[in-house]
Amino acid sequence: MMLQLFAEGEGGGAAGDPAGDGSGAGAGSGTGNEPLSFDDFLSLEGNQAEFDRRVQKAIQTAVANAQKKWQTLTDTRVSEAEKLAQMTSEEKEKYRADKAEKELADLKRQIALGDMAKTARKMLSDEKISVPDEIIANLVSDDAEKTKATVEAFSAAFKDAVQIAVKEALRGNPPKAGTGGSTLTKAQIMAVKNRAERQRLINENMELFKE
């Protein structure tokens, strides 16, 4: 079979020796009737180089075709029809199954994130904290335990920030004599953790708590 690689362009010697007197056919075998082995054939002048050239060309062609196929399948700009055109029947079946599995996983994840967002908002609402949807989206994941821990950490940090803001307001903006005005809001006062301090602020700002 390997000798067929050289069928083209190798018939000149045989045509010049139609009588088959052994001068050509016997070179390499010594009998004239015994066929050449592949090793003997390669040992003839020029055959090894030609064989190597053809093998190398076949390898390069196979590699180039594989690279082209891989580039087509991985290029996001290529349409799905073009990708499928490069696939075998088995590859098409696997591609479609993988795609359906991924779409189902994405859908489940979106549903889980939606449920986690509702849970996170309720947790914050219970702590009297209201934040935009953008913040909620950054707090949740499809892992319930991780979401719970993240929301609790955010809630604690939020309360600390309010507490610091209240103290800064009390220290940096004291009421001016004779104005009777207050720089605090009802929400800021109610966010003060210390009961005595909170009650003092309520007493000093009763106008904020009048119905």
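Here, each number is a calculation from the coordinates, and none is a lab measurement. Not measured: the values here are computed from a predicted model. FYI the Cβ positions are ideal-geometry reconstructions off the backbone, even for glycines, and counts take in every protein chain you see.
General remarks:
- The local environment of residue 114, defined by Cβ-Cβ distances under 14 Å, has a net charge of +1 under the rule Lys, Arg +1 and Asp, Glu -1.
- With K and R counted +1 and D and E -1, the other residues having a Cβ less than 11 Å from that of residue 123 yield a net charge of +1.
- Under the combined filter of DSSP loop state and at most 15 neighbouring Cβ atoms within 10 Å, the range 95-170 retains these GluC sites (Glu not before Pro): 127.
- Cα Rg over Rh - the range 40-169, Kirkwood: 1.44
- Cross-link pairs 94/118; 118/159; 99/122; 146/167; 57/83 - those with Cα-Cα distance over 29 Å: 94/118; 99/122; 146/167
- Placing dummy labels 7 Å off each Cα toward the beta-carbon, the span from residue 37 to residue 164 is 8.6 nm.
- Within-15-Å neighbourhood charge of residue 188 [Cβ basis; K, R +1; D, E -1]: +3
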